[in-house]
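What follows is one structure encoded as structure tokens, with my remarks underneath.
The values are calculated or read from the model by the stated rules, or taken from the named source; none is laboratory data. Remember, predicted model here, so these are calculated numbers, not experimental data. We place every Cβ from the backbone using ideal geometry, glycine too, and count neighbours over all the protein chains shown.
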Amino acid sequence: MSDTAVYNLLDKLNVYSDELFEVFYYLENLKEFKENVEESLRQYFYHTYLKCKRNYKAIKILVNLDDEDLKNGYVEAIPLVRTLIESYFHLCYVTNSIQKEEVIRSYDLLNKYQLKQMLNNKVGYKIVFQGQADKRMLNEIKKAVNKVEENDIILFKNIYRFAKKTNNLDIYNGIYKKFNSYVHYNPTTYISYGAMNGQDSFNFGNMQHQPQRECEILNYVIEVAIRVLVTAMNFLRIDYAEKWVIDLFTEWEDLRKEYRSTDLVNYL
């Protein structure tokens, strides 16, 4: 694929990602968004939905960075792609009506386990006591949360199992695993932060833009964001949409086919 064609596709993906973000605002202004979430799931649904939206926005900001010192922000966006995917897995889990009781129980255990870590100074918190009443209350809380073991929240610890549980192994294998070396420290990823000068020298200050990689990242992010929106709409029982929203989703199928017909698919 020629450089011109790659940049043309990149422009289309950037424009589309901006247009798609407007659907989040459209969804949030529907009465179903405010009224069709039962009380027992409200905190989980809105939390996971908002986390997906914020991650999507943060990725867009990084991709479009034009700061002299922070050019090619798509490299730093890669960890957030994985965060977006994990948030989407949580959204799928929360919105599965068949396992509502399991969902509530699982997140209750997760809340208790995280509180246990905090109270036992496992995550850097320092507890200040105001008196004996505080100590007694703390002891009662500890009795409740100390019963929760790591094995009780293993579903959330093992992303592969979580992806399988939420029927998302395609995303896990096709996108999530692909970025392992960029999220966990890997010396070979230094190539993203500079370029070769001649045959022997590497310049860390000369980051060359790689539109192919940026195209792939945007393609993945848009794909996951659309799944987030569709999942939320189905959960909220929204069976209608304005024409511009339907047209935008339809347009993605055409743009996706254009991307899939290139040699960029296996770029990373």
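Of the residues making up segment 84-94, one or more are among the charged types (D, E, K, R) and modelled with pLDDT of 85 or more.
For every residue, the table says whether it meets (1) assigned by TED's automatic domain parsing to the domain that holds D108; (2) closer than 26 Å to W244 by Cα; (3) more than 14 Å from the chain's Cα centre (by Cα); (4) not charged (D, E, K, R).
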position: L27; (1), (2), (3), (4): no, yes, yes, yes
position: K31; (1), (2), (3), (4): no, yes, yes, no
position: E39; (1), (2), (3), (4): no, no, yes, no
position: Y49; (1), (2), (3), (4): no, yes, no, yes
position: V63; (1), (2), (3), (4): no, yes, yes, yes
position: G73; (1), (2), (3), (4): no, no, yes, yes
position: P79; (1), (2), (3), (4): no, no, no, yes
position: E86; (1), (2), (3), (4): no, no, no, no
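What are the residues in segment 1-46 that are hydroxyl-bearing (S, T, Y) and either closer than 20 Å to K57 by Cα or in contact (Cβ under 8 Å) with a residue 40 or more places away in the chain (or both), if any? The answer is Y7, Y16, S17, Y25, Y26, S40, Y44, Y46. Here segment 126-152 is the region considered, the condition is being in contact with a Phe, Trp or Tyr (Cβ under 8 Å, 6 or more places away or on another chain) and surrounded by 14 or more Cβ atoms within 10 Å (Cβ to Cβ), and the residue that is modelled with the highest pLDDT is D152.
Screening the candidates L155, L169 for the property of being touching a Ser or Thr at 6+ places or on another chain (Cβ under 7 Å) and modelled with pLDDT of 80 or more yields one hit, L155. Inspection of segment 91-98 identifies at least one residue that is outside any helix (DSSP H, G or I) and among the polar types (S, T, N, Q). Which residue, of E38, E86, E76, E19, is of a type in the set (D, E) and crowded, with 17+ Cβ neighbours inside 10 Å? Only one candidate passes the filter, namely E86.
When each of T48, T4 is tested for being within 30 Å of D254 (Cα to Cα) and touching a His at 6+ places or on another chain (Cβ under 8 Å), the lone residue that passes is T48.
Note on segment 89-103: residues that are loosely packed, with under 14 Cβ neighbours inside 10 Å and closer than 14 Å to T48 by Cβ amount to 0.
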